[in-house]
Amino acid sequence: MTQPQKYLISDLHLGHSKIVHEFEDKRPFASIEEHDATIMENMLVVLKNGDHLYVLGDVVVGVSYKEAMNILGPLMPYKAQLHLALGNHDSPGRVKDIFPHFFGYISDAFELDDYVLTHIPVRPGQLSRWKGNIHGHVHSHSLDDPRYFNASAENIGYAPILFSAVKMVLRNGV
């Protein structure tokens, strides 16, 4: 049996048609349905029983309760442990009514192996407490500081990335 893995991804923006058609950093999909199907399929292919997935905010945007449940529904049968660091688009209603069905752990931030996992990057002065900050929020933009890793979906191929790979990047300043 393989050892459980830890994965990261941020800024899924499932259901958010503007992320495909209107925003400056448009995602390369013909439709929001293709966007959502690609991201969900990529997650389901990668995750195995016992794995941990840290979603660093902005899960579903601009959809009803029913639509959100349908989009996230394929995650239900998975035995992976899902963690959510809340993002600026993760409304209180979704946090209360939708996310507990899928995420076993919901917080503003997580600490993992002396790294801080957040949606919005922490201030550089706060980083003295950690080896680095794995975040999202800035989408295809990046911070010019080797202590930060942007795990926004568009930066990591719309699929979860191994935490161990991110740690290597942060340690080596690549």
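Can you tell which of L14, Q126, V60 lies farthest toward the positive end of the dipole of the stretch 6-172, using +1 and -1 charges on the Cβ of basic and acidic side chains (Lys, Arg; Asp, Glu)?
Q126
Which residues' amide hydrogens lie under 5 Å from the amide hydrogen of V60, considering only partners 5 or more residues apart or on another chain, with H built in the peptide plane?
Distant-sequence amide H within range of V60: L14.
At 0.36 nm per residue, minus the direct Cα-Cα distance, what do D114 and A30 gain on full extension? Give it in nm, one decimal, please.
26.3 nm
Under a cut-off of 29 Å between alpha-carbon atoms, report the lysines in cross-link reach of K167, not counting same-chain residues fewer than 8 places apart.
Partners within reach: K6, K26, K48, K79, K131.
What are the ³J(HN,Hα) values, in whole Hz, obtained from phi via the Karplus relation 6.51 cos²θ - 1.76 cosθ + 1.60 with θ = phi - 60°, for each residue of the stretch 154-166 in sequence order, with x given for Gly and Pro?
Running phi through 6.51 cos²θ - 1.76 cosθ + 1.60 with θ = phi - 60° gives 5, 8, 10, x, 6, 9, x, 10, 5, 4, 4, 5, 5 Hz.
Given the peptides 5-16, 49-60, 154-165, arrange them by the average over their residues of other C-beta atoms within 10 Å, most packed first.
Going by the mean number of other Cβ atoms within 10 Å, highest first, we get 5-16, 49-60, 154-165.
Treating only the Cβ of Lys, Arg, Asp and Glu as charged (+1, +1, -1, -1), what charge dipole size does the stretch 17-168 show about its Cα centre? Round to the nearest 20 debye.
360 debye
Applying the Karplus parametrisation 6.51 cos²θ - 1.76 cosθ + 1.60 with θ = phi - 60° to the phi angles of the stretch 60-72, what ³J(HN,Hα) value in whole Hz is obtained for each residue in order, glycine and proline being reported as x?
10, 9, x, 10, 6, 4, 4, 4, 4, 5, 5, 5, 7
In deg cm²/dmol, rounded to 500, what helix-only [θ] at 222 nm does the chain give when every DSSP H run of at least 4 residues adds -39500 (n - 2.57) and the total is split over its residues?
Computed ellipticity for the chain at 222 nm equals -7000 deg cm²/dmol.
Roughly how far apart, in whole Å, are the Cα centres of the stretch 14-90 and the stretch 117-131?
Rounded to whole Å, the Cα centres lie 24 Å apart.
Skipping prolines and chain starts, which residues have an amide H placed within reach, meaning under 5 Å, of the one on Y115, given they are 5 or more residues away or on another chain?
K131
Amide H to amide H, which residues 5 or more places from L53 or on other chains are under 5 Å from it, using H placed in the peptide plane?
Sorted by chain and number, the residues that satisfy this are Y7, Q81, L82, H83.
Quick one: 3J(HN,Hα) in Hz for the stretch 113-127, Karplus 6.51/-1.76/1.60 with θ = phi - 60°, rounded, Gly and Pro as x.
6, 6, 10, 9, 10, 9, 7, 8, x, 6, 5, x, x, 7, 6
Say we join alpha carbon atoms closer than 10 Å with springs in a Gaussian network model of the chain; which of A151, A85, A68 then has the biggest fluctuation?
Greatest mean-square fluctuation among the candidates belongs to A68.
For the stretch 73-143, with only Lys/Arg (+1) and Asp/Glu (-1) charged at the beta-carbon, what is the dipole magnitude about the Cα centre, in debye rounded to 20?
40 debye
Each value in this text was obtained by applying a stated rule to the coordinates, not by laboratory testing. Remember, predicted model here, so these are calculated numbers, not experimental data. Every residue, glycine among them, receives a Cβ derived from its backbone with ideal geometry; neighbour counts consider all protein chains shown.
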